[in-house]
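The values are calculated or read from the model by the stated rules, or taken from the named source; none is laboratory data. Everything quoted here is computed from the prediction, not taken from an experiment. Every residue, glycine among them, receives a Cβ derived from its backbone with ideal geometry; neighbour counts consider all protein chains shown. Accessible surface areas use protein heavy atoms only, side chains included; no ligands, DNA or RNA. Shrake-Rupley method; radii C 1.70, N 1.55, O 1.52, S 1.80 Å.
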Amino acid sequence: MPHPPHGRFPGQAVVIGAGIGGLTAARVLADHFEQVVLVESGTLPAVAGPREGVPQARHVHGMLARGARQLEALFPGLQTELVAAGAPLFDHGLLASTTVFAGLVPRTHAGVQAHGFSRDLLEWSLRQRVVNHPRVTVRDRSPATGLCWSREARRVVGVRLADGEVLDAEWVVDASGRFSKLPQWLEQAGFPRPAVKVVDAGLAYATMLFDAPGRDFEALQHMNSAPDLPRGAFAIHMEGGRWAVTVFGAGGDHPPTDEQGWREFAKTLGNDDLDALLASATPVEGAGIHGFKRTENRRHEYTAIRQWPRRLVAIGDSVAAFDPVFGQGMTVSVLQAQALGETLARPGDLDTAARRTQRRVAAIVRTPWLMSVSEDLAWHHHRERGTLPLRLRPVLWYKRRLIRLLVTDPEVSRVFLSVYHMVKPPRALVGPRMLAKALFKAPRLGPVTAVTGTDGAR
Ligand SMILES: Cc1cc2nc3c(=O)[nH]c(=O)nc-3n(C[C@H](O)[C@H](O)[C@H](O)COP(=O)(O)OP(=O)(O)OC[C@H]3O[C@@H](n4cnc5c(N)ncnc54)[C@H](O)[C@@H]3O)c2cc1C
(Lines give C-alpha, C1' and ligand atoms only; values in the text may rest on other atoms or scores of the structure.)
Protein backbone atom coordinates (compact mmCIF):
# COMPACT_ATOMS: atom_id res chain seq x y z
CA MET A 1 0.00 0.00 0.00
CA PRO A 2 1.58 3.34 -1.00
CA HIS A 3 1.87 6.11 1.54
CA PRO A 4 -1.44 8.04 1.51
CA PRO A 5 -1.23 11.74 0.60
CA HIS A 6 -2.61 12.92 3.96
CA GLY A 7 0.24 11.11 5.69
CA ARG A 8 -1.85 8.53 7.51
CA PHE A 9 -2.62 4.92 6.70
CA PRO A 10 -6.21 3.72 7.09
CA GLY A 11 -7.07 1.18 9.74
CA GLN A 12 -5.46 0.46 13.06
CA ALA A 13 -2.04 -0.45 14.33
CA VAL A 14 -1.70 -2.62 17.43
CA VAL A 15 1.19 -2.42 19.91
CA ILE A 16 1.79 -5.26 22.37
CA GLY A 17 3.21 -4.12 25.73
CA ALA A 18 3.01 -0.74 27.49
CA GLY A 19 6.64 -0.44 28.63
CA ILE A 20 8.98 2.28 27.36
CA GLY A 21 9.25 0.65 23.91
CA GLY A 22 5.48 0.15 23.54
CA LEU A 23 4.58 3.65 24.71
CA THR A 24 7.01 5.34 22.33
CA ALA A 25 5.97 3.06 19.46
CA ALA A 26 2.29 3.92 20.06
CA ARG A 27 3.14 7.62 20.02
CA VAL A 28 5.03 7.22 16.74
CA LEU A 29 2.37 5.07 15.08
CA ALA A 30 -0.30 7.65 15.94
CA ASP A 31 1.37 9.93 13.34
CA HIS A 32 0.87 7.29 10.64
CA PHE A 33 -2.32 5.32 11.33
CA GLU A 34 -5.91 6.35 11.87
CA GLN A 35 -6.06 4.41 15.12
CA VAL A 36 -3.54 2.79 17.47
CA VAL A 37 -4.45 0.23 20.12
CA LEU A 38 -1.89 -0.47 22.84
CA VAL A 39 -2.54 -3.70 24.74
CA GLU A 40 -0.89 -4.46 28.06
CA SER A 41 -1.20 -7.71 29.99
CA GLY A 42 -0.93 -6.14 33.47
CA THR A 43 -2.87 -3.44 35.27
CA LEU A 44 -1.70 0.11 34.57
CA PRO A 45 -1.90 2.20 37.76
CA ALA A 46 -3.64 5.58 37.62
CA VAL A 47 -0.74 7.19 39.50
CA ALA A 48 3.03 6.81 39.17
CA GLY A 49 3.69 3.57 41.00
CA PRO A 50 4.98 0.02 40.70
CA ARG A 51 3.23 -2.46 38.42
CA GLU A 52 3.67 -6.19 38.01
CA GLY A 53 4.55 -6.21 34.28
CA VAL A 54 7.89 -4.49 34.79
CA PRO A 55 9.59 -5.85 37.93
CA GLN A 56 12.84 -4.29 36.72
CA ALA A 57 11.33 -0.85 37.41
CA ARG A 58 12.10 -1.33 41.12
CA HIS A 59 15.79 -0.93 40.30
CA VAL A 60 17.81 2.16 39.43
CA HIS A 61 16.85 3.17 35.89
CA GLY A 62 19.03 5.83 34.29
CA MET A 63 18.11 7.27 30.90
CA LEU A 64 21.04 8.05 28.62
CA ALA A 65 21.23 11.60 27.24
CA ARG A 66 20.58 10.38 23.68
CA GLY A 67 17.39 8.61 24.75
CA ALA A 68 16.27 11.63 26.79
CA ARG A 69 16.78 13.89 23.78
CA GLN A 70 14.74 11.62 21.54
CA LEU A 71 11.97 11.23 24.11
CA GLU A 72 11.76 15.02 24.37
CA ALA A 73 11.35 15.22 20.59
CA LEU A 74 8.48 12.72 20.73
CA PHE A 75 6.92 14.12 23.91
CA PRO A 76 7.72 17.85 23.97
CA GLY A 77 7.82 19.30 27.47
CA LEU A 78 8.53 15.94 29.13
CA GLN A 79 11.78 17.06 30.71
CA THR A 80 10.19 20.20 32.21
CA GLU A 81 7.35 18.08 33.55
CA LEU A 82 9.75 15.62 35.20
CA VAL A 83 11.75 18.47 36.74
CA ALA A 84 8.49 20.01 38.02
CA ALA A 85 7.68 16.63 39.60
CA GLY A 86 10.95 16.92 41.55
CA ALA A 87 13.33 14.84 39.38
CA PRO A 88 16.83 16.37 39.59
CA LEU A 89 18.46 17.29 36.27
CA PHE A 90 22.25 17.55 36.47
CA ASP A 91 25.56 17.36 34.65
CA HIS A 92 26.69 13.76 34.85
CA GLY A 93 30.38 14.63 35.07
CA LEU A 94 29.90 17.23 37.77
CA LEU A 95 27.27 15.75 40.05
CA ALA A 96 27.87 12.01 39.94
CA SER A 97 30.20 10.25 42.32
CA THR A 98 31.90 7.69 40.07
CA THR A 99 34.30 5.00 41.19
CA VAL A 100 36.06 2.65 38.79
CA PHE A 101 38.61 -0.07 39.49
CA ALA A 102 41.34 2.59 39.28
CA GLY A 103 39.75 4.81 41.94
CA LEU A 104 37.43 7.79 42.36
CA VAL A 105 36.88 9.77 39.15
CA PRO A 106 37.40 13.53 39.71
CA ARG A 107 34.29 15.56 38.97
CA THR A 108 34.36 17.60 35.80
CA HIS A 109 31.77 19.47 33.76
CA ALA A 110 30.94 16.98 30.98
CA GLY A 111 28.17 18.80 29.13
CA VAL A 112 26.09 15.61 29.35
CA GLN A 113 22.87 15.82 31.32
CA ALA A 114 21.50 13.04 33.47
CA HIS A 115 18.07 13.00 35.04
CA GLY A 116 17.16 11.38 38.35
CA PHE A 117 13.68 9.90 38.24
CA SER A 118 12.04 6.63 39.12
CA ARG A 119 11.10 4.50 36.17
CA ASP A 120 7.55 4.59 37.58
CA LEU A 121 7.43 8.38 37.14
CA LEU A 122 8.90 8.28 33.64
CA GLU A 123 6.48 5.57 32.49
CA TRP A 124 3.52 7.30 34.06
CA SER A 125 4.40 10.63 32.39
CA LEU A 126 4.70 8.93 29.00
CA ARG A 127 1.54 6.94 29.61
CA GLN A 128 -0.51 10.05 30.42
CA ARG A 129 0.44 11.54 27.09
CA VAL A 130 -0.24 8.34 25.16
CA VAL A 131 -3.56 7.70 26.90
CA ASN A 132 -4.66 11.27 26.11
CA HIS A 133 -3.66 11.06 22.45
CA PRO A 134 -6.85 11.25 20.38
CA ARG A 135 -5.82 8.40 18.07
CA VAL A 136 -4.55 5.97 20.75
CA THR A 137 -6.56 3.56 22.90
CA VAL A 138 -4.73 1.91 25.79
CA ARG A 139 -6.17 -1.37 27.07
CA ASP A 140 -4.65 -2.89 30.17
CA ARG A 141 -5.42 -6.37 31.54
CA SER A 142 -5.43 -7.48 27.90
CA PRO A 143 -2.67 -10.04 27.34
CA ALA A 144 -1.91 -10.84 23.72
CA THR A 145 -1.82 -14.59 23.20
CA GLY A 146 -1.02 -14.83 19.52
CA LEU A 147 -0.98 -13.23 16.11
CA CYS A 148 -3.53 -13.66 13.31
CA TRP A 149 -2.21 -14.21 9.80
CA SER A 150 -3.32 -13.74 6.24
CA ARG A 151 -4.25 -16.97 4.43
CA GLU A 152 -0.75 -17.63 3.09
CA ALA A 153 0.64 -16.68 6.54
CA ARG A 154 3.00 -14.06 5.21
CA ARG A 155 1.25 -11.02 6.61
CA VAL A 156 0.07 -10.25 10.12
CA VAL A 157 -3.57 -9.15 10.13
CA GLY A 158 -4.43 -9.10 13.81
CA VAL A 159 -3.64 -9.79 17.44
CA ARG A 160 -5.48 -12.36 19.52
CA LEU A 161 -6.18 -11.53 23.17
CA ALA A 162 -6.52 -13.92 26.09
CA ASP A 163 -10.32 -13.58 26.18
CA GLY A 164 -10.52 -14.70 22.53
CA GLU A 165 -11.09 -11.24 21.08
CA VAL A 166 -9.21 -10.51 17.87
CA LEU A 167 -7.97 -6.99 17.15
CA ASP A 168 -7.68 -6.38 13.42
CA ALA A 169 -4.38 -4.78 12.57
CA GLU A 170 -2.81 -3.14 9.54
CA TRP A 171 0.44 -3.10 11.50
CA VAL A 172 1.67 -4.82 14.67
CA VAL A 173 4.55 -3.91 16.98
CA ASP A 174 5.75 -6.42 19.53
CA ALA A 175 7.17 -4.51 22.50
CA SER A 176 6.38 -7.16 25.10
CA GLY A 177 9.84 -7.20 26.60
CA ARG A 178 12.49 -9.74 27.53
CA PHE A 179 10.01 -12.60 27.82
CA SER A 180 8.21 -11.95 24.53
CA LYS A 181 6.40 -14.94 23.00
CA LEU A 182 7.10 -13.75 19.48
CA PRO A 183 9.59 -16.57 18.66
CA GLN A 184 6.88 -19.16 19.46
CA TRP A 185 4.20 -17.23 17.57
CA LEU A 186 6.43 -17.08 14.49
CA GLU A 187 7.18 -20.76 14.71
CA GLN A 188 3.49 -21.62 15.02
CA ALA A 189 2.86 -19.68 11.80
CA GLY A 190 5.52 -21.69 9.95
CA PHE A 191 8.43 -19.25 10.16
CA PRO A 192 11.81 -20.57 11.27
CA ARG A 193 12.46 -20.05 14.97
CA PRO A 194 14.97 -17.21 15.22
CA ALA A 195 18.45 -17.94 16.55
CA VAL A 196 19.12 -16.42 19.97
CA LYS A 197 22.47 -15.16 21.22
CA VAL A 198 22.94 -15.16 24.97
CA VAL A 199 25.87 -13.78 26.94
CA ASP A 200 25.37 -14.08 30.67
CA ALA A 201 27.60 -12.23 33.12
CA GLY A 202 25.84 -13.98 36.01
CA LEU A 203 24.79 -10.58 37.33
CA ALA A 204 22.13 -9.86 39.94
CA TYR A 205 20.74 -6.62 41.40
CA ALA A 206 19.24 -5.90 44.81
CA THR A 207 17.63 -2.53 45.46
CA MET A 208 16.45 -0.54 48.47
CA LEU A 209 14.54 2.73 48.52
CA PHE A 210 15.48 5.46 51.00
CA ASP A 211 14.50 8.90 52.20
CA ALA A 212 17.72 10.85 52.55
CA PRO A 213 18.86 14.45 52.74
CA GLY A 214 20.49 15.98 49.64
CA ARG A 215 24.19 15.38 49.15
CA ASP A 216 26.88 17.00 47.05
CA PHE A 217 26.13 14.45 44.32
CA GLU A 218 22.87 13.44 42.62
CA ALA A 219 23.97 9.99 41.46
CA LEU A 220 26.56 7.41 42.39
CA GLN A 221 28.16 4.73 40.24
CA HIS A 222 30.57 2.16 41.60
CA MET A 223 31.54 0.04 38.62
CA ASN A 224 32.68 -3.57 38.79
CA SER A 225 35.41 -5.01 36.61
CA ALA A 226 35.91 -8.55 35.29
CA PRO A 227 37.18 -10.83 36.64
CA ASP A 228 38.50 -9.54 39.99
CA LEU A 229 35.90 -7.01 41.11
CA PRO A 230 32.41 -8.48 40.71
CA ARG A 231 30.60 -5.99 42.94
CA GLY A 232 29.24 -2.54 42.29
CA ALA A 233 26.46 -0.10 43.15
CA PHE A 234 24.25 2.60 41.71
CA ALA A 235 22.36 5.28 43.58
CA ILE A 236 20.08 7.91 42.14
CA HIS A 237 18.38 10.90 43.73
CA MET A 238 14.81 10.91 42.46
CA GLU A 239 11.55 12.82 42.78
CA GLY A 240 10.18 13.22 46.30
CA GLY A 241 13.69 13.41 47.81
CA ARG A 242 13.99 9.65 47.54
CA TRP A 243 17.10 7.66 46.70
CA ALA A 244 17.09 4.28 44.99
CA VAL A 245 20.22 2.32 45.84
CA THR A 246 21.07 -0.80 43.86
CA VAL A 247 23.95 -3.07 44.77
CA PHE A 248 24.97 -5.69 42.25
CA GLY A 249 27.36 -8.53 41.73
CA ALA A 250 28.46 -10.34 38.58
CA GLY A 251 30.00 -13.77 38.04
CA GLY A 252 27.47 -15.31 40.45
CA ASP A 253 28.50 -13.08 43.38
CA HIS A 254 24.94 -11.98 44.08
CA PRO A 255 23.78 -9.47 46.70
CA PRO A 256 21.55 -10.71 49.55
CA THR A 257 17.96 -9.50 49.81
CA ASP A 258 17.77 -9.27 53.59
CA GLU A 259 18.63 -5.86 55.02
CA GLN A 260 21.60 -6.85 57.13
CA GLY A 261 23.16 -8.89 54.32
CA TRP A 262 22.43 -6.11 51.81
CA ARG A 263 24.13 -3.50 54.00
CA GLU A 264 27.14 -5.75 54.60
CA PHE A 265 27.45 -6.32 50.85
CA ALA A 266 27.31 -2.54 50.25
CA LYS A 267 29.98 -1.99 52.92
CA THR A 268 32.42 -4.34 51.16
CA LEU A 269 32.67 -1.83 48.30
CA GLY A 270 34.61 0.52 50.55
CA ASN A 271 32.91 3.51 48.90
CA ASP A 272 32.92 6.51 51.26
CA ASP A 273 30.18 8.38 49.40
CA LEU A 274 27.89 5.35 49.45
CA ASP A 275 28.61 4.70 53.13
CA ALA A 276 27.81 8.32 54.00
CA LEU A 277 24.59 8.24 51.96
CA LEU A 278 23.43 5.04 53.63
CA ALA A 279 24.36 6.34 57.09
CA SER A 280 22.09 9.38 56.59
CA ALA A 281 19.26 7.49 54.88
CA THR A 282 16.06 5.95 56.25
CA PRO A 283 14.59 2.97 54.37
CA VAL A 284 11.17 3.77 52.93
CA GLU A 285 8.65 1.86 55.03
CA GLY A 286 7.20 -1.18 53.30
CA ALA A 287 9.39 -0.77 50.19
CA GLY A 288 11.39 -3.91 50.98
CA ILE A 289 14.43 -5.14 49.08
CA HIS A 290 13.96 -6.32 45.52
CA GLY A 291 16.31 -8.73 43.78
CA PHE A 292 16.63 -9.32 40.04
CA LYS A 293 18.62 -12.05 38.34
CA ARG A 294 17.44 -12.23 34.74
CA THR A 295 20.03 -9.84 33.42
CA GLU A 296 21.69 -11.80 30.63
CA ASN A 297 22.27 -10.18 27.25
CA ARG A 298 19.77 -11.85 24.92
CA ARG A 299 19.41 -11.04 21.24
CA HIS A 300 17.03 -12.54 18.68
CA GLU A 301 18.38 -12.71 15.14
CA TYR A 302 15.13 -11.64 13.48
CA THR A 303 16.82 -10.22 10.40
CA ALA A 304 18.15 -13.70 9.61
CA ILE A 305 14.57 -14.81 8.85
CA ARG A 306 14.63 -14.46 5.09
CA GLN A 307 10.94 -13.89 4.58
CA TRP A 308 10.15 -11.61 7.50
CA PRO A 309 6.36 -11.31 7.98
CA ARG A 310 4.78 -8.27 6.46
CA ARG A 311 3.36 -5.59 8.77
CA LEU A 312 5.17 -6.89 11.88
CA VAL A 313 7.98 -5.23 13.79
CA ALA A 314 9.62 -6.18 17.08
CA ILE A 315 11.41 -3.57 19.18
CA GLY A 316 12.99 -3.13 22.60
CA ASP A 317 13.85 -6.00 24.91
CA SER A 318 11.74 -8.30 22.74
CA VAL A 319 14.56 -8.11 20.18
CA ALA A 320 17.58 -7.49 22.37
CA ALA A 321 17.72 -7.24 26.15
CA PHE A 322 20.96 -6.03 27.66
CA ASP A 323 22.92 -6.42 30.85
CA PRO A 324 21.40 -3.44 32.72
CA VAL A 325 24.69 -2.17 34.16
CA PHE A 326 25.24 -0.05 31.06
CA GLY A 327 21.75 1.52 31.22
CA GLN A 328 21.10 1.17 27.50
CA GLY A 329 17.75 -0.63 27.21
CA MET A 330 15.33 2.28 27.41
CA THR A 331 17.38 4.44 25.05
CA VAL A 332 17.64 1.62 22.51
CA SER A 333 13.84 1.11 22.60
CA VAL A 334 13.22 4.81 22.04
CA LEU A 335 15.68 4.95 19.14
CA GLN A 336 14.02 1.94 17.57
CA ALA A 337 10.57 3.52 17.86
CA GLN A 338 12.01 6.62 16.22
CA ALA A 339 13.41 4.45 13.38
CA LEU A 340 9.94 2.92 12.96
CA GLY A 341 8.47 6.39 12.49
CA GLU A 342 11.14 7.37 9.99
CA THR A 343 10.56 4.25 7.89
CA LEU A 344 6.82 4.79 7.85
CA ALA A 345 7.28 8.44 6.88
CA ARG A 346 9.18 7.51 3.75
CA PRO A 347 7.14 6.95 0.62
CA GLY A 348 6.92 3.28 -0.11
CA ASP A 349 5.05 0.10 0.30
CA LEU A 350 3.70 -0.69 3.77
CA ASP A 351 4.28 -4.39 3.08
CA THR A 352 8.04 -3.96 2.73
CA ALA A 353 8.34 -1.33 5.48
CA ALA A 354 8.37 -3.96 8.24
CA ARG A 355 11.49 -5.69 6.96
CA ARG A 356 13.21 -2.35 6.43
CA THR A 357 12.34 -1.29 9.97
CA GLN A 358 13.49 -4.59 11.43
CA ARG A 359 16.87 -4.13 9.76
CA ARG A 360 17.18 -0.65 11.28
CA VAL A 361 16.17 -2.05 14.66
CA ALA A 362 19.01 -4.59 14.36
CA ALA A 363 21.46 -1.86 13.33
CA ILE A 364 20.54 0.18 16.43
CA VAL A 365 21.23 -2.86 18.62
CA ARG A 366 24.71 -3.46 17.20
CA THR A 367 26.84 -0.92 19.10
CA PRO A 368 25.14 -1.18 22.50
CA TRP A 369 25.33 -4.95 22.17
CA LEU A 370 29.07 -4.82 21.53
CA MET A 371 29.60 -2.47 24.45
CA SER A 372 27.71 -4.72 26.79
CA VAL A 373 28.94 -8.04 25.50
CA SER A 374 32.64 -7.16 25.25
CA GLU A 375 32.64 -6.67 29.01
CA ASP A 376 30.30 -9.53 29.82
CA LEU A 377 32.14 -12.11 27.76
CA ALA A 378 34.98 -11.59 30.21
CA TRP A 379 32.64 -12.66 33.04
CA HIS A 380 31.16 -15.42 30.96
CA HIS A 381 34.54 -16.94 30.11
CA HIS A 382 35.78 -16.47 33.63
CA ARG A 383 32.77 -18.41 34.99
CA GLU A 384 33.08 -21.16 32.41
CA ARG A 385 36.82 -21.29 33.13
CA GLY A 386 37.39 -20.64 29.48
CA THR A 387 39.80 -18.27 27.86
CA LEU A 388 38.77 -14.93 26.48
CA PRO A 389 38.44 -14.95 22.68
CA LEU A 390 41.57 -13.46 21.09
CA ARG A 391 39.61 -10.75 19.26
CA LEU A 392 38.28 -9.40 22.55
CA ARG A 393 41.59 -9.12 24.36
CA PRO A 394 42.84 -5.92 22.68
CA VAL A 395 39.40 -4.33 23.10
CA LEU A 396 39.35 -4.98 26.83
CA TRP A 397 43.03 -4.06 27.18
CA TYR A 398 42.35 -0.69 25.54
CA LYS A 399 39.17 -0.09 27.52
CA ARG A 400 40.96 -0.82 30.80
CA ARG A 401 43.65 1.74 29.93
CA LEU A 402 40.99 4.36 29.20
CA ILE A 403 39.29 3.59 32.49
CA ARG A 404 42.60 4.10 34.31
CA LEU A 405 42.84 7.48 32.62
CA LEU A 406 39.42 8.50 33.99
CA VAL A 407 40.99 9.11 37.40
CA THR A 408 43.65 11.47 36.05
CA ASP A 409 42.43 13.02 32.81
CA PRO A 410 39.16 15.06 32.68
CA GLU A 411 39.21 15.14 28.87
CA VAL A 412 39.06 11.35 28.75
CA SER A 413 36.20 11.46 31.29
CA ARG A 414 34.25 13.85 29.10
CA VAL A 415 34.68 11.79 25.94
CA PHE A 416 33.96 8.57 27.83
CA LEU A 417 30.70 10.01 29.24
CA SER A 418 29.60 11.26 25.81
CA VAL A 419 30.09 7.79 24.35
CA TYR A 420 28.42 6.14 27.34
CA HIS A 421 25.41 8.44 26.85
CA MET A 422 25.42 7.63 23.09
CA VAL A 423 25.78 11.28 22.10
CA LYS A 424 29.16 10.50 20.51
CA PRO A 425 29.97 7.33 18.57
CA PRO A 426 32.42 4.81 20.05
CA ARG A 427 35.04 5.83 17.48
CA ALA A 428 35.47 9.01 19.55
CA LEU A 429 37.36 6.77 21.98
CA VAL A 430 39.95 5.79 19.39
CA GLY A 431 40.80 9.18 17.88
CA PRO A 432 44.51 10.10 17.72
CA ARG A 433 44.49 12.06 21.01
CA MET A 434 42.70 9.31 22.91
CA LEU A 435 44.93 6.64 21.42
CA ALA A 436 48.07 8.54 22.41
CA LYS A 437 46.76 9.05 25.92
CA ALA A 438 45.74 5.41 26.31
CA LEU A 439 49.08 4.16 25.07
CA PHE A 440 51.41 6.54 26.90
CA LYS A 441 49.56 8.28 29.75
CA ALA A 442 47.48 5.60 31.52
CA PRO A 443 48.52 5.64 35.19
CA ARG A 444 49.95 2.50 36.77
CA LEU A 445 47.82 0.64 39.28
CA GLY A 446 48.49 -1.26 42.46
CA PRO A 447 47.17 -4.86 42.76
CA VAL A 448 43.38 -5.20 42.67
CA THR A 449 41.82 -6.95 45.67
CA ALA A 450 38.94 -9.29 44.91
CA VAL A 451 35.81 -9.11 47.09
CA THR A 452 33.31 -11.94 46.80
CA GLY A 453 30.71 -13.54 49.01
CA THR A 454 27.29 -15.16 49.20
CA ASP A 455 24.51 -15.58 46.65
CA GLY A 456 21.34 -14.09 48.12
CA ALA A 457 19.39 -12.42 45.31
CA ARG A 458 16.20 -13.99 44.11
C1 LIG B 1 17.31 -4.79 36.69
C2 LIG B 1 17.21 -3.94 35.46
C3 LIG B 1 17.66 -2.63 35.48
C4 LIG B 1 17.60 -1.87 34.31
N5 LIG B 1 18.12 -0.61 34.32
C6 LIG B 1 18.07 0.14 33.19
C7 LIG B 1 18.61 1.45 33.17
O8 LIG B 1 19.19 1.93 34.12
N9 LIG B 1 18.50 2.15 31.99
C10 LIG B 1 17.90 1.63 30.88
O11 LIG B 1 17.83 2.31 29.86
N12 LIG B 1 17.40 0.39 30.88
C13 LIG B 1 17.47 -0.37 32.00
N14 LIG B 1 16.95 -1.63 31.99
C15 LIG B 1 16.32 -2.14 30.75
C16 LIG B 1 14.92 -1.58 30.59
O17 LIG B 1 14.11 -1.94 31.68
C18 LIG B 1 14.29 -2.09 29.27
O19 LIG B 1 15.24 -2.17 28.27
C20 LIG B 1 13.22 -1.13 28.84
O21 LIG B 1 12.20 -1.19 29.77
C22 LIG B 1 12.64 -1.35 27.45
O23 LIG B 1 11.90 -2.48 27.48
P24 LIG B 1 10.57 -2.78 26.66
O25 LIG B 1 9.65 -1.63 26.55
O26 LIG B 1 11.04 -3.45 25.44
O27 LIG B 1 9.97 -3.87 27.64
P28 LIG B 1 9.40 -3.71 29.11
O29 LIG B 1 9.68 -2.39 29.69
O30 LIG B 1 9.82 -4.91 29.86
O31 LIG B 1 7.84 -3.73 28.85
C32 LIG B 1 7.18 -4.85 28.31
C33 LIG B 1 5.70 -4.70 28.61
O34 LIG B 1 4.99 -5.69 27.87
C35 LIG B 1 4.00 -6.26 28.71
N36 LIG B 1 3.68 -7.58 28.16
C37 LIG B 1 4.44 -8.70 28.20
N38 LIG B 1 3.84 -9.70 27.54
C39 LIG B 1 2.66 -9.20 27.08
C40 LIG B 1 1.59 -9.76 26.32
N41 LIG B 1 1.60 -11.03 25.91
N42 LIG B 1 0.54 -8.96 26.02
C43 LIG B 1 0.49 -7.66 26.42
N44 LIG B 1 1.48 -7.11 27.15
C45 LIG B 1 2.55 -7.85 27.45
C46 LIG B 1 4.64 -6.26 30.08
O47 LIG B 1 3.68 -6.37 31.10
C48 LIG B 1 5.35 -4.91 30.07
O49 LIG B 1 4.50 -3.88 30.48
C50 LIG B 1 17.03 -2.42 33.13
C51 LIG B 1 16.57 -3.73 33.12
C52 LIG B 1 16.68 -4.49 34.26
C53 LIG B 1 16.23 -5.92 34.20
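Per residue, the convex hull spanned by the Cα atoms of the range 340-416 amounts to 142 cubic angstrom. Between the residues M330, Q260, P309, the greatest Cα displacement towards the positive end of the dipole of the range 235-335, with unit charges on the Cβ of Lys, Arg, Asp and Glu, is found for P309. Compute the distance from the alpha-carbon center of the range 40-114 to that of the range 257-275, in whole Å. Cα centroid to Cα centroid, the span is 23 Å.
Each of I403, S418, P347 was scored by the projection of its Cα onto the charge dipole of the range 295-419, and the greatest displacement toward the positive side belongs to P347; charges sit on the C-beta of Lys, Arg, Asp and Glu. Using the Kirkwood radius over Cα pairs, work out the Stokes-Einstein diffusion coefficient for the range 200-298 at 25 °C and 0.890 mPa s, in µm²/s as a whole number. Reported coefficient: 180 µm²/s. Couplings 3J(HN,Hα) for the range 393-405, derived from phi with the Karplus relation 6.51 cos²θ - 1.76 cosθ + 1.60 (θ = phi - 60°), are 4, x, 4, 5, 4, 5, 4, 4, 5, 5, 5, 4, 5 Hz, where x marks Gly and Pro.
Computed over the chain, relative contact order equals 21 percent, with contacts defined as Cα pairs under 8 Å that lie 6+ residues apart.
Under a 5 Å amide H cut-off, with hydrogens placed 1.01 Å from N, T137 pairs with V36, V37, L38 among residues at least 5 apart or on other chains. Farthest towards the positive end of the charge dipole of the chain, among the residues L29, T98, A84, is the Cα of L29, using unit charges on the Cβ of Lys, Arg, Asp and Glu. Per residue, the accessible area of the chain comes to 42 Å², computed with a 1.4 Å probe over protein heavy atoms only. Restricting to DSSP loop positions (anything but H, G, I, E, B) with no more than 10 other Cβ atoms inside 10 Å of their own Cβ, which trypsin sites (Lys or Arg not before Pro) remain in the range 344-397? For trypsin sites (Lys or Arg not before Pro) across the range 344-397 that sit outside H, G, I, E and B with at most 10 neighbouring Cβ atoms in 10 Å, the list reads R385, R391. Here's how it looks for V423: its modeled amide H is under 5 Å from those of R66, which are all 5 or more places away or on a different chain. Tell me, what % of the accessible area of the chain is carbon and sulfur with a 1.4 angstrom probe? Accessible surface attributable to carbon and sulfur in the chain totals 54 percent. The orientation-averaged projected area of the convex hull spanned by the Cα atoms of the range 1-71 comes to 6.5 nm². Think of it as helices only: each DSSP H run of n ≥ 4 in the chain is worth -39500 (n - 2.57), and spread over all residues that comes to -10500 deg cm²/dmol at 222 nm. Cα-based values for the chain, radius of gyration first and Dmax second, are 22.3, 67 Å. For the range 188-200, backbone phi angles converted through the Karplus equation (6.51, -1.76, 1.60; θ = phi - 60°) give residue-by-residue couplings of 4, 8, x, 7, x, 5, x, 5, 10, 9, 10, 10, 10 Hz, Gly and Pro being listed as x. Based on the convex hull around the alpha carbon atoms, the range 178-248 presents an average projected area of 7.6 nm².
Principal axis analysis of the Cα atoms in the range 108-195 yields extents of 58, 35, 20 Å, listed in decreasing size.
How large is the dipole of the range 102-141 about the Cα centre if only Lys and Arg carry +1 and Asp and Glu carry -1, each at its Cβ, rounded to the nearest 20 debye?
Around 180 debye, computed over the range 102-141.
Looking at the range 296-353, the trypsin sites (Lys or Arg not before Pro) that sit in a DSSP loop and have at most 11 other Cβ atoms within 10 Å of their own Cβ are R306.
Computed about its Cα centre, the charge dipole of the chain is approximately 1820 debye, with only Lys, Arg, Asp and Glu carrying charge at their Cβ. Taking amide hydrogens as placed 1.01 Å from N in the peptide plane, the amide H of A314 sits under 5 Å from those of D174, each at least 5 positions away in sequence or on another chain.
The alpha carbons of the range 304-458 give a radius of gyration and a Dmax of 19.5, 61 Å, in that order.
Separation of the range 199-236 and the range 399-438, taken as the distance between their Cα centroids, equals 22 angstrom. Our coupling estimate for the range 306-314, obtained by passing each phi through the Karplus curve with A = 6.51, B = -1.76, C = 1.60 and θ = phi - 60°, is 5, 9, 5, x, 6, 6, 10, 9, 10 Hz, Gly and Pro reported as x.
Taken over the range 268-373, the alpha-carbon convex hull comes to 161 cubic angstrom per residue.
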